[in-house]
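Read through the structure below, which is laid out as structure tokens, and then see the notes.
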Amino acid sequence: MVVPLKSAVLGYAAMAKGQELEQFNYEPPKLKNHDVRVAVTHCGLCYTDIHGIDDYFGITAFPFVPGHEIVGHVSEIGSEVTGLRKGDRVGFGWQGRSCMECEWCSKGEEQLCKDIDKAAAWSPYGGFSSSITVDSRFAYSLPASMPSEFASVLLCAGISVYSPLRSTATGHKPKVGIVGVGGLGHLAIQFAHALDCEVTAISSSPDKEEQALALGADHFVATEDKAGLRNMNLSLDMLLYTGHSGIDWTRLLNTLRNNGKFVMIGFSTVPVAFEPLELVVHQLSITGSLLGSRMVMREMLAFAQERGIKPKVELMPMSQVNEAIRKVKEGKARYRIVLVNDPARTGT
Ligand SMILES: [Zn+2]
Ligand SMILES: [Zn+2]
């Protein structure tokens, strides 16, 4: 048995691009004035972690400790931290800090910070670890009765779907299509339903119909069902694309009505291409959405608690992180995996 240094943090890191994670012990980063150190109890596994390991974004520094859907207890606080005390349960998502000064931070859109490439909670080391250090201004107090495994998923997948949906759901029962019934999509269906949208789940897996309807979808259409998609032509106010793979983009766009919006939150692995005719004639918008601001994050957590939004979560010990990654890559997670730390590792 390896006895770590008393001060060392016990993490799991990819030592190089695309590699399996291995145990990696490191000295905790210096605590800055606004920082908190958090003993990690739960950390969700998100496809973005896998993109990080594979250096999809071209900014990964190795050794790379992934993990950015984090819940734990505050173990140390910096000199200028307000509103948090040692022992408090907190959660945070992908964004662990921002410059707090640029034009975007100044208007409360911290997720668009000019330094967003340096803002990840996994920088320098992420949540697949016994402890993590983040800016306390991005640590969120959680509703007392919200299970930590639910909170961890909501802090990334939840905010990603809630933020674009809330700006569409403005009181006239909008018709929304959720493309993909997976880690993001299963939450998007629940949020859209709770936001009083008429929800159509669109999936490449016809066997997801029952599950989608149980989550709150009003209708289900398989992407291979050309007639079903054609019947939806010019009907939707918004399409939320949560998938990773390619799809018949033109056929999807045809489902949008005048002034409709196609919002991407999933990173398609193939380029998006479509016939421009529909776009022009029906004044469609194609846009993206990234996470959400701190204000929207707080709103989302309260809304999820009040409306009983429940991520479908499978718990696995953090020591089985490589097995968990394999499961997500093979599309076998139903629908999110949350890694749980052994309390002996965190001292909690
Ligand atoms: Zn995530
Ligand atoms: Zn900024």
Note the angle between two axes, namely the Cα long axis of helix 159-168 and the longest principal axis of the Cα atoms of the chain, as a number of degrees from 0 to 90, rounded to the nearest 10.
40
Taking a ≥ b ≥ c as the square roots of the Cα gyration tensor eigenvalues, with a/c under 1.5 meaning rounded and otherwise prolate when a/b beats b/c, else oblate, which class fits segment 1-113?
oblate
Per residue of segment 77-87, in order, report the coupling 6.51 cos²θ - 1.76 cosθ + 1.60 (Karplus, θ = phi - 60°) as ³J(HN,Hα) in whole Hz, putting x for Gly and Pro.
10, x, 5, 10, 6, 10, x, 10, 10, 3, x
Computed ³J(HN,Hα) along segment 133-146: with the Karplus parameters 6.51/-1.76/1.60, θ = phi - 60°, integer Hz and x for glycine or proline, the list is 10, 9, 6, 4, 6, 10, 9, 10, 6, 10, x, 4, 8, 7
Using packing as a proxy for protection, rank 280-286, 198-204 so that the peptide with the highest average count of other Cβ atoms within 10 Å comes first.
198-204, 280-286
What is the calculated FRET efficiency for Cys102 to Asp218, with r their C-beta to C-beta distance and R₀ = 41 Å, to the nearest 0.05?
0.50
Given the C-alpha centroids of segment 165-218 and segment 62-116, what is the distance between them in whole angstrom?
29
Nitroxide proxy distance, nm - points 7 Å out along Cα→Cβ at Ser204 and Thr170:
3.4
Between the DSSP loop rule and a limit of at most 16 other Cβ atoms within 10 Å, which GluC sites (Glu not before Pro) in segment 75-183 are left?
Glu80, Glu101
Could you list which residues have their amide H under 5 Å from that of Phe24, counting only those 5 or more apart in sequence or on another chain, with H placed in the peptide plane?
Gly11, Tyr12, Ala13
Express in nm, to one decimal, how much length is gained between Tyr56 and Glu20 on full extension, taking 0.36 nm for each residue of separation and deducting their alpha carbon distance.
11.4 nm
Segment 302-348: C-alpha gyration tensor shape, a/c 1.5 cut-off, then a/b vs b/c:
oblate
Please provide three numbers in whole Å: the alpha-carbon extents of segment 158-288 along the principal axes, with the largest listed first.
36, 32, 27
By Cβ neighbour count within 10 Å, fewest first, Trp122, Trp249 rank Trp249, Trp122
For segment 273-348, state which GluC sites (Glu not before Pro) are in a DSSP loop and have at most 10 other beta carbons lying within 10 Å of their beta carbon.
Glu330
Rounded to one decimal in nm, the spacing of the 7 Å Cα→Cβ label points at Val281 and Arg85 is 6.5
Per-residue Cβ contact counts at 10 Å, fewest first, order His34, His172 as His172, His34
Arrange Thr250, Thr41 by Cβ neighbour counts within 10 Å, fewest through most, would you?
Thr250, Thr41
Those trypsin sites (Lys or Arg not before Pro) from segment 266-348 that are DSSP loop and have at most 15 other Cβ neighbours within 10 Å turn out to be Lys332, Arg334
According to the square roots a ≥ b ≥ c of the eigenvalues of the Cα gyration tensor, what is the shape class of the chain, taking rounded for a/c under 1.5, prolate for a/b larger than b/c otherwise, and oblate for the remainder?
prolate
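A short reminder: the numbers here are calculations on the coordinates, not readings from a lab. As the structure is a prediction and not an experimental result, all values here were calculated from the model. Cβ: placed from backbone, ideal geometry, glycine included. Neighbour counts: every protein chain shown.
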